[in-house]
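Since the structure comes first, as structure tokens, the remarks are kept for the end.
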Amino acid sequence: MITIIRQGVKEDLPSVLQLIKELARYENSEHEVTITLEDLEKDGFGDHPNYLFLVAVQNQEIIGISFYWIRYSTWKGKFLFLEDFVIKEEYRNQGIGSKLFEETIKICKSKGMNGMFWQVLDWNERAIKFYKKYDADISSKWLNGKLTKKQIEQISSNK
């Protein structure tokens with residue numbers, strides 16, 4: 001079966017949202033997905049897109065995504081941040097993930113990025129093993145911090 005890797009377009013977004021939800025289910029967090037098709041369209045296809053994505057396609061079906069954006073480090077400059085990377089479960093372990101990941105690396109290189117970042121859950125041994133095939137540095141030094149929209153609104157209303 002031939003897998004095509006191509007840049008994502010607006011018409012791909014319904015399939016992209018399904019893959020985002022599939023990943024969230026795998027991570028036992030589907031209830032946390034609040035993004036809508038309208039959000040994805042507005043945020044990715046306006047005058048200043050906030051993200052880009054690649055899709056893996058077989059028989060006109062989107063079976064994987066590499067969802068990324070540009071991150072800027074004050075120490076090192078611009079990096080590609082791989083936000084989500086997912087292959088439909090029934091298509092895993094067929095080399096499609098490698099093909100999609102390597103295409104993402106090519107984009108990183110072609111745009112003169114200083115590297116690529118992503119996050120992986122510490123319990124996701126399959127993903128960690130996949131990334132280590134590329135000699136990736138999987139660090140446990142950095143802790144993630146975040147504020148939700150609700151928290152920001154609460155803080156702002158208290159000022």
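The values are calculated or read from the model by the stated rules, or taken from the named source; none is laboratory data. Everything numeric here is computed off the predicted structure, so don't read it as measured data. Quick reminder, even Gly has a Cβ in these numbers, built from the backbone with ideal geometry, and neighbours come from all protein chains shown.
Inclusion of Gly77 among residues that are of a type in the set (Gly, Ala, Ser), within 20 Å of Ile5 (Cα to Cα) and either modelled with pLDDT of 95 or more or surrounded by fewer than 15 Cβ atoms within 10 Å (Cβ to Cβ) (or both) is not warranted. Could you tell me whether the range 52-59 includes any residue that is within 29 Å of Thr148 (Cβ to Cβ) and of a type in the set (Phe, Trp, Tyr)? Scanning the range 52-59 turns up at least one residue that is within 29 Å of Thr148 (Cβ to Cβ) and of a type in the set (Phe, Trp, Tyr).
When the residues of the range 71-127 are narrowed to those that are among the β-branched types (Val, Ile, Thr) and free of Cβ contacts under 8 Å to residues at least 60 places away in the same chain, which ends up farthest from Val55 (Cα to Cα)? Once the filter is applied, the top-ranked residue is Thr74. Suppose we keep only residues that are of a type in the set (A, V, I, L, M, F, W, C) and farther than 12 Å from Glu61 by Cα within the range 2-18. Which one would you say is surrounded by the most Cβ atoms within 10 Å (Cβ to Cβ)? Taking the candidates together, the pick is Leu13. Count of the range 23-69 residues, restricted to those that are part of a loop (DSSP other than H, G, I, E, B), buried (at least 16 other Cβ atoms within 10 Å of the Cβ) and among the β-branched types (Val, Ile, Thr), is 0. When Leu17 is tested against the conditions (1) in contact (Cβ under 8 Å) with a residue 24 or more places away in the chain; (2) under 12 Å from the mean Cα position of the chain (by Cα), the lone failure is (1). Only one of the numbered conditions (1) assigned to a loop (DSSP other than H, G, I, E, B); (2) more than 16 Å from the chain's Cα centre (by Cα); (3) over 24 Å from Lys133 (Cα atoms) is violated by Glu11, and that is (1). Yes or no: the range 3-17 includes at least one residue that is within 21 Å of Leu121 (Cα to Cα) and not β-branched (Val, Ile, Thr). Checked against the condition, which is being within 21 Å of Leu121 (Cα to Cα) and not β-branched (Val, Ile, Thr), the range 3-17 yields at least one hit. Being among the polar types (S, T, N, Q), under 14 Å from the mean Cα position of the chain (by Cα) and buried (at least 17 other Cβ atoms within 10 Å of the Cβ), is that true of even one residue in the range 92-109? Yes, because at least one residue in the range 92-109 is among the polar types (S, T, N, Q), under 14 Å from the mean Cα position of the chain (by Cα) and buried (at least 17 other Cβ atoms within 10 Å of the Cβ).
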